[in-house]
Every structure is written in structure tokens, then in C-alpha cells.
Amino acid sequence: MAKVFSILLAGLSFSASVALAQPAEKPNIVFMLADNLGYGDLGSYGGGAVRGAPTPRLDALAAEGMRFTNFNVEAECTPSRSALMTGRYAVRSGTTRAMPVPGIPQGLAPWEYTMAEMLKDVGYDTAMFGKWHIGASEGRFPTDQGFDTWWGFPNSTGVALFPEAIGFESGLMPKFHLYEGTAQGGATPVEEYTLKRRSTIDETIGQRAVEYIEARANNDKPFFLYVPFSLVHHPSIPHPDFDGKTGNGPYADATAEHDHRVGQIMDALAAAGLEENTLVVYASDNGPDRAEFPYIGDTGPFRGYLGSLHEGSVRTPMMVRWSGKIAPQQVTNEIVSIHDFMPSFAKLVGGELPDDRAYDGVDQMPLILGETDKSARESVLFFHDTTLLSVKWKQFKVYLQQEGVEHGNANYHDIWAPLVYNTMVDPKEANDITHDGYLWLLSPTMRKIMPFAYSVDKYGLVPPGGDKREEGQVNIPFFSQTMLDRSLSELKKQAVMRKLHEVSGGLIGDGS
Ligand SMILES: [Ca+2]
């Protein structure tokens with residue numbers, strides 16, 4: 001039977017083109033992304049001076065717009081940045097892991113349609129200064145994926161440590177570089193990324209971003225400026241100007257520098273007279289890593305570090321400012337996800353998303369602009385590599401496997417019953433309440449899982465290092481394969497009947 005449904009589905013065209021309800025606006029968009037900055041690191045999130053590193057510029061930015069307290073990301077640099085650029089779960093794009101697999105190209109396939117490409121297609125100038133980490137080879141650099149201009153590094157910051165490691169053999173690992181390039185000319189290595197250079201990377205990122213903004217002061221064309229900083233990722237070595245400045249260790253110094261760099265960019269926007277017409281987003285890509293314990297980020301009230309799927313890893317600070325459009329001093333605890341920016345921006349600027357692939361993000365502009373106080377989503381799926389391991393639905397998190405260790409992502413194992421946490425009552429996710437009457441949560445959990453499984457079946461996945469989609473599979477633990485197959489088959493039948501109902505003008509099927 002499964003084959004029959006596939007053939008029927010292939011013959012029916014499902015259209016998902018974006019219908020525009022209102023004329024598009026084209027503000028400049030400045031997107032600043034911190035690396036591994038924790039939920040509890042900023043003053044506006046309970047950190048700042050409490051953590052020995054005041055963050056006045058970021059606190060001011062938060063106060064000038066809307067601050068999000070339930071912003072969800074993916075669990076590592078690469079998947080999270082992939083999700084930001086594509087609006088899709090990284091598992092669809094083969095970008096689930098931050099660590100490169102020798103022998104295959106890392107990062108986004110050229111086939112993926114990025115936020116930069118979408119904005120470029122509606123007339124934006126696009127620029128990026130900083131860390132990419134979703135492609136380090138020809139055809140996969142930012143300048144291949146929609147950015148007119150780029151200065152920065154394609155891998156992670158940890159590479160600066162490699163040549164300093166005991167026993168390092170340079171013949172076995174190529175040197176890592178800083179790159180510069182344009183869409184026309186391509187990207188080329190311009191300088192080695194050494195441990196010494198590491199401390200001044202964000203100074204250069206800030207300078208480049210400021211120069212870019214200054215050059216656009218009297219330009220009519222809208223621009224998209226993506227600024228993924230290198231801080232506060234390990235080694236979190238601050239600039240010499242900030243070394244020792246807080247008296248609270250290198251992480252606090254790095255946080256102080258980071259706040260200063262954000263301030264430089266905000267000052268440049270003000271000086272260029274671009275405050276009113278620029279939508280500014282600030283977010284962190286994932287929670288803190290523990291590499292330099294105890295000089296590491298703080299997860300606020302939450303449990304779990306980078307790589308885990310607990311809230312400390314996948315919930316980070318996020319704020320949006322758009323002077324004159326977003327009222328100041330707004331705070332929302334509605335669920336928003338890093339996948340939402342792509343469709344939200346597309347809706348805002350009149351961009352179109354291809355209808356030949358699955359999108360996981362939803363349009364959140366009504367929430368951001370205060371037209372509603374409700375999010376367009378009530379759930380987020382969380383993955384460990386290609387395993388769908390946890391589902392957030394409203395205030396609950398349901399885990400389909402047990403996470404064995406606090407800070408890593410090893411040692412997942414099967415469990416007899418799912419684990420359920422109430423993240424509001426128990427933000428540390430310490431008390432499993434499954435057997436206190438919460439097994440009913442399997443129902444909303446399945447209602448979120450099965451459409452996703454259906455979309456994987458329909459659209460396929462890009463394998464890691466691949467160029468395009470192929471048939472692929474996402475592991476869904478806890479449920480039996482027979483049960484998943486039967487549910488999927490039922491969903492396909494329903495989709496066919498809905499489509500037949502539509503195309504037959506209601507003569508066949510009931511459309512339900
Ligand atoms: Ca990161």
C-alpha cells in the first residue's frame with residue numbers, strides 16, 4: 001500500500017507559496033549572533049554585574065525593544081546556524097554536528113536556500129563578518145550562499161588551539177585561516193587563524209561591521225548585515241584592552257568585550273541615522289560550553305550545557321529592536337525558535353520560500369510587532385544528530401530517550417517510559433513527572449512528531465556532505481517501527497483524501 005500512496009502523492013502538487021497580506025516593508029536587518037553565550041549571562045537575563053561582567057549595552061538594547069525568555073535554538077553551533085540560515089531543522093540539511101567528518105565537505109549544500117539569498121532576491125545588499133561554521137569548502141562559503149561580501153572564518157574558534165596542542169602534527173591537519181571574499185570573486189584565505197590572533201578577532205569583526213554601516217548611511221538600498229561574533233566561545237580570550245578588566249577571569253572579560261562590540265555597532269547605526277529603519281536582532285546560537293571551567297557561561301535557571309537538549313543548552317537570550325515599530329520594554333515568554341527568522345523575514349520583506357521543501361519555522365512578525373501576544377508555534381522538536389530525542393510542547397518537555405550525562409551528548413539510552421518535565425515548575429528538568437498523570441502528553445507529542453516524520457518521508461533529507469536531498473530517515477526512539485509505519489501510512493492516506501477532496505470540488509472525500 002505504501003507504494004500506491006507515494007505514486008498518488010507524486011502526482012498531486014502541494015503548493016506552499018507565500019501569500020502576502022500587506023505590502024512588504026524592507027527595513028535594514030542587522031543580525032548579531034553570540035557564540036555559546038548562556039541564558040544567564042546578560043544583565044537583562046539576571047546576569048551582568050551579578051556574574052562579574054556588567055552588560056550595559058546589551059541591557060539597553062533589550063530595553064529598547066522586545067526581549068524573549070523562551071527562545072529555542074539547536075544544540076550546537078553548526079545545526080543552530082544552519083537552522084537560522086534555512087528556516088529548517090538541521091537534520092533536513094545534513095548539518096547536525098559541529099565536528100567535521102574527515103573526507104566529506106561540511107555544511108550546507110548549495111541546494112539550500114539561505115536567508116541571505118532570500119533577502120538578496122528582493123533587493124538587499126548582504127554582508128557577513130564573523131563565524132560561518134556551515135561550510136568550509138568551495139561552493140559552501142558565505143559568498144556562495146547569498147552574501148555579497150564576507151570577512152571571517154568558516155570553522156569554529158577552537159581550531160586556534162590545535163597547533164598549540166601537545167603532539168600536534170601539522171602534516172595531518174591543514175592550517176586554519178581567516179577568509180575574505182565577495183560573491184563575484186569568491187572567498188580566499190588571507191591570514192592564519194592563530195591563538196595570538198584569536199584575541200583580536202572580534203575587534204576586526206566590529207570594525208568591519210561599523211565600516212559597512214557607515215558606507216550605507218546615504219544608500220537607498222536596504223541591507224542585511226549578519227554579525228556572528230567569535231566570543232564567548234572557547235578559548236574565550238579577550239582583547240588586550242579587556243584582559244583583566246573585570247577582575248573576574250577571562251570569561252567575564254570576554255563578556256565585557258562582547259557587550260562593548262555590540263555597543264559599537266549600535267553606535268554606528270545611530271551615527272549613520274539608521275536607527276529608525278533598521279531591525280536589530282541579537283541572539284546566542286546555543287548554551288555555554290564547559291571547556292574552560294570554571295570560567296564559563298551561565299545557564300540561568302536551566303540545566304544542561306552545549307550539546308545537551310536540556311533548556312540550558314537550547315534556550316538562549318534573544319532580543320529584537322525596531323525603533324518606532326516595536327514598543328520598548330516588551331518581554332515575552334512565548335515559544336519562539338531560531339527557525340522562525342527565515343519565514344518571518346520573508347513575510348516582512350515580500351520574499352518567497354521555495355515550495356519544494358519542508359519549512360519548520362513559522363512567521364512570528366505579528367508577535368514581534370505586537371499585533372498579537374501569542375506565538376505562532378506551541379512546540380519545538382529537538383534532535384541529537386539524526387535522532388528526534390525531545391519535544392517541547394507548551395510548558396512541557398517530553399524525552400524519548402534518557403540523557404546519560406549532564407554536559408555531553410554521549411550515553412543516550414532507551415527508556416521504558418518517556419520522561420516528562422514541566423519546564424516552568426521545574427526549569428532544572430530534575431523531576432520526571434511521567435507517572436504523575438502526564439502520560440497523556442504522548443498524544444500532543446505524537447501530533448507534533450508524525451507530521452514531521454511525514455515531511456521527511458515526502459521530501460527526504462540532505463545527507464551530511466551531500467549536494468542534494470535523498471531518501472533518508474530520522475530515528476524516533478521509544479515508539480515501535482510498526483506503530484510509526486502505520487501512523488505514517490494513515491497520514492499519507494489522509495493527505496491524499498484531502499487533496500482529492502480539493503481537486504474534485506468536494507465530490508470525493510470529506511476534506512478532513
Ligand atoms: Ca555555538
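The values are calculated or read from the model by the stated rules, or taken from the named source; none is laboratory data. Model, not experiment: these values are computed from the prediction. Cβ atoms come from the backbone with ideal geometry, glycine included; neighbour counts cover every protein chain shown.
Of the residues making up region 279-310, just one is aliphatic (A, V, I, L, M), part of a loop (DSSP other than H, G, I, E, B) and away from the ligand (no atom under 14 Å from the Cβ), namely 309.
There is at least one residue in region 438-450 that is more than 17 Å from residue 360 (Cα to Cα), surrounded by 18 or more Cβ atoms within 10 Å (Cβ to Cβ), of a type in the set (A, V, I, L, M) and not assigned by TED's automatic domain parsing to the domain that holds residue 358. In a residue-by-residue description of region 13-33, the property of being at pLDDT 95 or above, within 16 Å of the ligand (Cβ to nearest atom), closer than 24 Å to residue 243 by Cα and among the hydrophobic types (A, V, I, L, M, F, W, C) applies to at least one position.
Out of curiosity, is residue 311 within 22 Å of residue 424 (Cα to Cα), among the charged types (D, E, K, R) and within 17 Å of the chain's Cα centre (by Cα)? Yes; evaluated as a whole, the condition is true for this residue.
The rows are residues; the columns are (1) under 16 Å from the mean Cα position of the chain (by Cα); (2) within 20 Å of residue 227 (Cα to Cα); (3) in contact (Cβ under 8 Å) with a residue 12 or more places away in the chain.
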position	(1), (2), (3)
69	yes, no, yes
87	yes, yes, yes
98	yes, yes, yes
102	no, no, no
112	yes, no, yes
119	no, yes, yes
125	no, yes, yes
131	yes, yes, yes
149	no, yes, yes
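In the set 396, 345, only one residue is within 22 Å of the chain's Cα centre (by Cα) and assigned by TED's automatic domain parsing to the domain that holds residue 282; that residue is 345. The sole residue among 107, 139 that is within 16 Å of the ligand (Cβ to nearest atom) and of a type in the set (Gly, Ala, Ser) is 107. In this structure, does residue 36 turn out to be at pLDDT 95 or above and within 16 Å of the ligand (Cβ to nearest atom)? Spelling it out, residue 36 is indeed at pLDDT 95 or above and within 16 Å of the ligand (Cβ to nearest atom). Take the conditions (1) within 15 Å of the ligand (Cβ to nearest atom); (2) modelled with pLDDT of 95 or more; residue 119 misses just one of them, which is (1). Considering region 162-278, the qualifying strands (runs of 3 or more DSSP E), each wholly inside and each with 2 or more residues that are hydrophobic (A, V, I, L, M, F, W, C) and buried (at least 23 other Cβ atoms within 10 Å of the Cβ), run over 223-228.
How many of the residues making up region 338-365 are under 19 Å from residue 280 (Cβ atoms) and among the basic types (Lys, Arg)? Qualifying residue count for the region: 1. Which fully enclosed strands (runs of 3 or more DSSP E) of region 311-404 have 3 or more residues being under 20 Å from residue 95 (Cβ atoms) and either of a type in the set (A, V, I, L, M, F, W, C) or at pLDDT 95 or above (or both)? Passing ranges, in order: 379-384, 387-393.
Filter region 158-190 down to residues that are free of Cβ contacts under 8 Å to residues at least 24 places away in the same chain and aromatic (Phe, Trp, Tyr) and give me whichever is farthest from residue 144 (Cα to Cα). In this case the residue turns out to be 168.
Tell me whether region 201-210 contains one or more residues that are touching an Asp or Glu at 6+ places or on another chain (Cβ under 7 Å) and within 16 Å of the ligand (Cβ to nearest atom). Yes.
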